[in-house]
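Taking it in order: structure first as structure tokens, then the write-up.
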Amino acid sequence: MAEARTAERAAQGEGHPSGDERFALLDKTLRKARYQQDQLIEVLHVAQDLFGHLSEDILIYLARQLKLPPSRVYGVATFYHLFSFTAPGRHSATVCMGTACFVKGAEEIVQQLEAAHDVRSGQTTEDGELTVSTARCVGSCGLAPVVVVDGVVTSHQTAESTLAHVGEVLAKEPTEAST
Ligand code: FES
């Protein structure tokens with residue numbers, strides 16, 4: 001049985017047809033985990049670290065490698081809020097939704113960001129420029145409401161100040177297409 005699996009893998013070749021070397025690194029993790037199905041969560045973490053998110057392609061690849069039904073892999077991945085399913089944008093705005101930030105208007109900030117950039121929280125704009133997300137308390141409650149833009153904490157935000165700041169960040173680096 002195990003030999004059949006190994007033979008099948010050899011026939012398929014290591015890595016992914018795309019040639020993306022990150023799949024080769026993922027294979028390394030799979031080998032280390034001995035293709036054990038109970039290592040799925042660990043492998044999902046590694047995949048997210050490598051790719052920044054878990055695309056459908058990655059989830060199907062892992063299902064095949066671990067001989068699990070794709071529905072099982074999807075089920076586990078979507079159960080945990082740590083996993084992201086869309087590619088991160090070039091810029092990010094994460095609104096803290098912890099209690100201190102929430103009572104000071106964080107929800108309004110999220111809504112305005114979503115409306116202004118036509119994107120839902122947890123997703124990336126179609127042009128791949130901005131990912132909007134929310135987080136639990138980021139540990140700076142005295143600065144509430146807090147928005148983390150490209151990894152930098154901005155304090156005492158309003159919807160207006162956040163939109164202005166995010167707009168500046170997006171404008172600073174023109175895309176290659178526009179240069
Ligand atoms: S609740 Fe937002 S930083 Fe603590």
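Could you pull out the trypsin sites (Lys or Arg not before Pro) across the range 77-179 that fall in loop regions by DSSP (anything but H, G, I, E, B) with no more than 13 other Cβ atoms inside 10 Å? Before the final figure, lay out each step's value.
Details: sites: Arg90, Lys104, Arg120, Arg136, Lys172; in loops: Arg90, Lys104, Arg120, Arg136.
Here the trypsin sites (Lys or Arg not before Pro) that fit, given the DSSP loop and packing criteria, are Arg120, Arg136.
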I need two numbers for the chain: Rg to one decimal and Dmax as a whole number, Cα atoms only, in Å. 19.9, 62
In a GNM of the chain with a 10 Å cut-off on Cα contacts, which of Ala135, Ala106, Ala87 has the highest mean-square fluctuation? Ala135
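Taking only DSSP H segments of four or more residues, each worth -39500 (n - 2.57), what value at 222 nm results for the chain once the sum is divided by all its residues, to the nearest 500 deg cm²/dmol? Intermediate values should be presented prior to the final figure.
Values: 8 runs with 86 residues, N = 179.
Dividing the helical sum by the residues of the chain leaves -14500 deg cm²/dmol.
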Pick from Glu42, Glu114, Glu129: which is most flexible by mean-square fluctuation in a GNM of the chain where alpha carbon atoms under 10 Å apart are linked? Glu42
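Relative contact order for the chain using alpha-carbon pairs under 8 Å, separation at least 6, rounded to a whole percent? The partial results should precede the final answer.
On the way: 230 pairs, mean separation 29.5, N = 179.
Value for the chain: 16 percent.
Read the figures in this text as sums done on the coordinates, not as results from a lab. Computed from a predicted model, the values in this text were never measured in an experiment. When we count neighbours, we look across all protein chains shown, and the Cβ atoms used for this are built from the backbone with ideal geometry, even at glycine.
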